[in-house]
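Let me begin by presenting the structure, written as structure tokens, before commenting on it.
What follows is calculated from the coordinates using simple rules that are stated; it is not laboratory data. Computed from a predicted model, the values in this text were never measured in an experiment. Here the Cβ is made from the backbone with ideal geometry for all residues, glycine too, and neighbour counts use every protein chain on show.
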Amino acid sequence: MPLAGKRILLVMSGGIAAYKSLDLIRRLRERGAEVRPVMTAGAQQFVTPLAVGALSSGHVYTELFSREDEQDVGHIRLARDCDLIVVAPATADLMAKMANGLADDLASTVLLATDRPVLVAPAMNPKMWAHAATGRNVETLRKDGIAFVGPNAGEMAESGEAGFGRMAEPMEIVAAVERLLDDGTKPLAGRTALVTSGPTHEPIDPVRYIANRSSGRQGHAIAEALARLGADVTLVSGPVTIPDPKGVKVVHVEQAAEMLDAVLARLPADIAVMVAAVADWRVATPNSEKIKKQPGEGPPPLMLTENPDILKTVGHSDKRPTVVVGFAAETQDVESNGRIKLQKKGADLIIANDVSPETGIMGGTRNSVKLITSDGIEAWPDLSKDDVADRLAGWIAHRLT
């Protein structure tokens, strides 16, 4: 387990996002971590110490002047007897206390007394996050070495307002915890991974081609995220304008047939993530010379033929990787089309997203995806493509272990 033996002190402050911390406790513990919770008075207004204690299977710390807990200077022991402190949710109030060295309750006292790494997951109203005072406090905390995860953009549960302020999702926080506690033991060390990315260009003639609108950003980010977790990654990339990812072997191709050959040549592998937006069709016989317009004549007919289905070929190969992930870029019926693709392609997971022009996903830097497996559907919030990559790499590592 990636967090086996790690001790996490979870500081929960007041806010509706505290309900997410219940799932965070479960996610950390299923990865082997020991979670010791500290709850502010505000946190207890949203979730009960009983629920938190049931999930953490331990004592929940709530009072600075507890006669029982302070017999051995309990707040100092809590501050030091851990590998990492996670503050989730972190309210504007608690972050202000941290930035200014205040210590008027157990949570703020522990955070002032600790010499351990601290990870903060902010959660607040968008106006509060955008306020100049919060900005100053965040800058101070970053300079003090505090790590941040989130906040994300979205609709606020309590007010209906939208903007940045939503607490990062539990799996995002878990991924950040794993990065901070990386002691050189990578969860994917010794594993091989194969990733496809970008579009393919299917020639019509020497100057024209059929293609999809993929930028390659998501596939490249996934390749790099898998490499950070220790995998030996080969990226088969169609023609893109972005740099090759770090720590990854890259094979550049143009056409779908070339991509298929490059993929099959690198099997077997432990992991296959087929992100590339492969053109479904190609011209049966591309012209060797540029097709010229002829006066009074319409465009020449293009005889198309179907390209190979790379994901399906890999998913049903006798060298099938242990984990096969495919992408479904849809403009309608995202979930139903994703389920059909999962069944037909032989994949373990389909990442489905709506790539209608108004979403800005194709060519953009953010993504909003749904994970479709045989067990059901899990929707992730709007995230940067780098964050999607980190969360997916964590999902794959957990699946393999």
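How would you rank 3-14, 45-56, highest first, on the average number of other Cβ atoms within 10 Å across their residues? Write down the numbers at each step before the final one.
Numbers: 3-14: 21.8, 45-56: 16.2.
By packing density, highest mean first, the sequence is 3-14, 45-56.
For the pair Arg142 and Asp115, how long in nm is the line joining their label points, each one 7 Å along Cα→Cβ?
The two pseudo-label positions are separated by 2.8 nm.
Taking Cα pairs under 8 Å and at least six residues apart, what relative contact order does the chain come out at, in percent?
On the way: 844 pairs, mean separation 48.4, N = 401.
Averaging sequence separation for qualifying contacts and normalising by length gives 12 percent for the chain.
Quickly estimate the mean residue ellipticity at 222 nm for the chain, helices only: each DSSP H run with n ≥ 4 gives -39500 (n - 2.57), and the total goes over all residues, rounded to 500. It would help to have the intermediate numbers written out before the result.
On the way: 13 runs with 128 residues, N = 401.
Calculated at 222 nm, the ellipticity per residue is -9500 deg cm²/dmol.
Going by how many other beta carbons lie within 10 Å of each one, how would you line up Glu254, Glu202, fewest first?
Values: Glu254 16, Glu202 24.
Listed from fewest to most nearby Cβ atoms, that is Glu254, Glu202.
For a quick protection proxy, order the peptides 18-28, 131-141, 386-396 by their average other-Cβ count within 10 Å, most packed first. Intermediate results must be reported in sequence, preceding the final value.
Values: 18-28: 21.6, 131-141: 14.5, 386-396: 24.1.
By packing density, highest mean first, the sequence is 386-396, 18-28, 131-141.
Compute the distance in nm between two label points, each set 7 Å from the Cα along the Cα-to-Cβ direction, one at Leu400 and one at Lys319.
Between Leu400 and Lys319, the label points sit 1.8 nm apart.
Starting with the fewest neighbours, write out Phe327, Phe148, Phe65, Phe164 ranked by other beta-carbon atoms found within 10 Å of each beta-carbon. Kindly include the intermediate steps, with their values, before the conclusion.
Values: Phe327 26, Phe148 18, Phe65 10, Phe164 14.
With the sparsest Cβ surroundings first, the list reads Phe65, Phe164, Phe148, Phe327.
Assuming 0.36 nm per residue, please report the length gained on full extension of the stretch Ala379 to Leu304 beyond their Cα-Cα distance. Numbers along the way, then the final one.
Details: separation 75, 0.36 × 75 = 27.00 nm, distance 3.60 nm.
Taking 0.36 nm per residue and subtracting the Cα distance, the gain is 23.4 nm.
Consider the candidate values [x] 27; [y] 23; [z] 10; state which one is percent of Cα pairs over 40 Å apart computed from the structure displayed.
[x]
Starting with the highest mean, order 259-268, 273-282 by the number of other Cβ atoms within 10 Å, averaged over the residues of each peptide.
Values: 259-268: 17.7, 273-282: 23.0.
Final packing ranking: 273-282, 259-268.
Between Arg77 and Lys246, with labels modelled 7 Å along Cα→Cβ, what's the label distance in nm to one decimal, could you check?
Between Arg77 and Lys246, the simple spin-label model gives 4.1 nm.
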